[in-house]
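S.K.: So that we are looking at the same thing, I have put the structure below in structure tokens.
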Amino acid sequence: MINSNKKSSKTIAIIAIIASLAGLLFGFDTGIISGALLFIEKDFHASVWVQEIIVGSVLVGAIIGSSGSGKLADKLGRRIMLLYISSIFVFGTFLSALAPNVEILLIGRFFIGLAIGMGSYTAPLYIAESAPQHKRGELVSLNQLMITVGIMCSYFISYSFSGTVGAWRWMFAIGLVPASMLGIGFLFLPESPRWLVKQNRRQEAAKILSFLRGASNVDAELDSITNSLQERQAKFKDLFSAWARPVLFLGVALAFFQQTTGINAIIYYSPRVFQMAGFYDASSSILATAGVGVLNVLSTIFAIKVVDRLGRRPLMFIGLTGMGASLFIISYVFHDPSNTSVLRWATVGSVFSYIVCFAFSMGALMWLMLSEIFPLEIRGVAMSLAVASCWFFNLSVSTTFLTLVKMIGISNTFSLYGAMCVIGLVFGYLFVPETKGVSLEEIEKNIRKRLPLREIGQSVGANTRLDPVREIKPL
Ligand code: BGC
């Protein structure tokens, strides 16, 4: 039994790692643009506006991909869907790496965005449906961690290729490695048992489930899957009923503050910011950016470790305060750029402290809280709406950053993001609940009792915390 448990843990870990390659690609393909853009600008004489569209094309693809994939993943199955996603990644990457002009590059990046959006829905869904209940939290978090690992790898790859001829083409082309690994992996991985039950293919589901669990009798789990599938699924209009509206507001507002406090101005454009601060050669600014990638990963690991001990609100308040302070320091040193060494090092130090504070607060917390605050009945639709809005706010910030810098200057642009941190703090103080140590059922009861948002994390009875992602219907 112990052996079969060990074997099944190993099987499920391998499955989760392969599926979370989609998360790695999400991070890689959104992060790589920051290094590539410096070279694309020169090769194609791309104006600020064109550069913003190149960044935005992925995000438009991701909005479309994430909102359309619910239906497709139900129709085709998770496995086939992930095989398609891998092919779209490969196709988009070829097109981008070989693009003879900006138009083809935009089409290639749009396809990559489609795959990112589809993957950000399907990969966590597949992992959650295949994992045993007590492991879901850990394994779904693995997907988030892989996003930051993907961003970090993209920065290192940008740095290593920055001296090569046709640098940006190589930077994009490396994405073919994880994209093909995802596809090859899924040729061998089994279909999600939960999807098979939904298709009335119980026998196949039983076989796969006993392989995954290393047990011959899986009837109890199959029955519970069958029962849960009979629950009523909410329609889009249920989201706007009086009791659901406040949590929907909370979810979309968390996405709003995660994005408008400027994270992707840093993730997508930091080499540019470092250049503006005086790191003139492309490779030293890309190296400083690699530091951003490493700190992002380390701070995300820290967040996953402490979030259940310290709580959501303290992390959010400390994080937003640190982010705001860092942004105002950047704004201050750019306001008077005469002292060049202060400008350089204060910018690097503040960008580093900003990313650390973001990763342990708004970075990890938004995704975690979205998985906690929506009652089961509306979780699927509400999550997809909040996630699509996150991509939309991301698009709005990242496609306006360079224009803002041109129009109002870099100092004022960073002040603006800093001001959003201050507003986010007020919003957090007034509306964000502490959900640490409360069961999802208690949160749901409080929402239905129409308690104010800040109080929906109150414990109603005994402390019966459940696995936070016990019943997540992932993105
Ligand atoms: C955000 C992304 C961001 C990433 C950086 C995620 O939580 O949603 O927009 O690029 O964090 O690590």
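What follows is calculated from the coordinates using simple rules that are stated; it is not laboratory data. Quick caveat, the model's predicted, so the values are computed rather than measured. Note that we place each Cβ from the backbone using ideal geometry, even for glycine, and neighbour counts take in every protein chain shown.
S.K.: In percent, what relative contact order does the range 31-187 have, based on Cα pairs under 8 Å that are 6 or more apart in sequence?
M.R.: Across the range 31-187, relative contact order equals 35 percent.
S.K.: I need the P(r) histogram for the range 57-102: all alpha carbon pairs, bin width 5 Å from 0 out to the longest distance, whole percents.
M.R.: Histogramming the range 57-102 at 5 Å steps yields 5, 18, 22, 27, 14, 8, 5, 1 percent.
S.K.: With a cap of 10 neighbouring Cβ atoms within 10 Å, and only residues DSSP puts in a loop, list the trypsin sites (Lys or Arg not before Pro) found in the range 232-283.
M.R.: Here the sparse-neighbourhood loop sites are R232, K235.
S.K.: On to the next question. With θ set to phi - 60°, apply the Karplus curve 6.51 cos²θ - 1.76 cosθ + 1.60 along the range 77-85 and write out the HN-Hα couplings as whole Hz, x wherever there is a Gly or Pro.
M.R.: Ordered by residue, 3J(HN,Hα) equals x, 5, 5, 4, 4, 5, 5, 4, 4 Hz.
S.K.: Sticking with this one: Rg and Dmax of the chain, Cα atoms, in Å?
M.R.: Considering the chain through its Cα atoms, Rg and Dmax are 22.3, 73 Å.
S.K.: Distance from the Cα centre of the range 265-331 to that of the range 23-56, in angstrom?
M.R.: 19 Å
S.K.: Now a separate question. To the nearest 10 degrees, how steeply does helix 376-398 sit against the main Cα axis of the chain, on a 0 to 90 scale?
M.R.: Once rounded, the angle reads 10 degrees.
S.K.: Counting Lys +1, Arg +1, Asp -1, Glu -1, what net charge surrounds G175 among other residues with beta carbon under 13 Å of its beta carbon?
M.R.: Surrounding charge for G175 is +1.
S.K.: Additional query: In which sequence would L416, L320 go, from the one with the fewest C-beta neighbours within 10 Å to the one with the most?
M.R.: The most exposed by this proxy come first: L416, L320.
S.K.: Could you list which residues have their amide H under 5 Å from that of T435, counting only those 5 or more apart in sequence or on another chain, with H placed in the peptide plane?
M.R.: The answer is R312, R313.
S.K.: So if the hydrodynamic radius of the range 3-117 is defined as the Kirkwood radius over C-alpha pairs, what does Stokes-Einstein give as its diffusion coefficient at 10 °C and 1.306 mPa s, in µm² per second?
M.R.: Calculated translational D: 103 µm²/s.
S.K.: I need H45, H335 ordered by Cβ neighbour count within 10 Å, fewest first.
M.R.: Listed from fewest to most nearby Cβ atoms, that is H45, H335.
S.K.: Compute the helix-to-body angle for 340-358: its Cα long axis versus the longest principal axis of the chain, expressed 0 to 90° and rounded to tens.
M.R.: Tilt relative to the chain: about 10 degrees.
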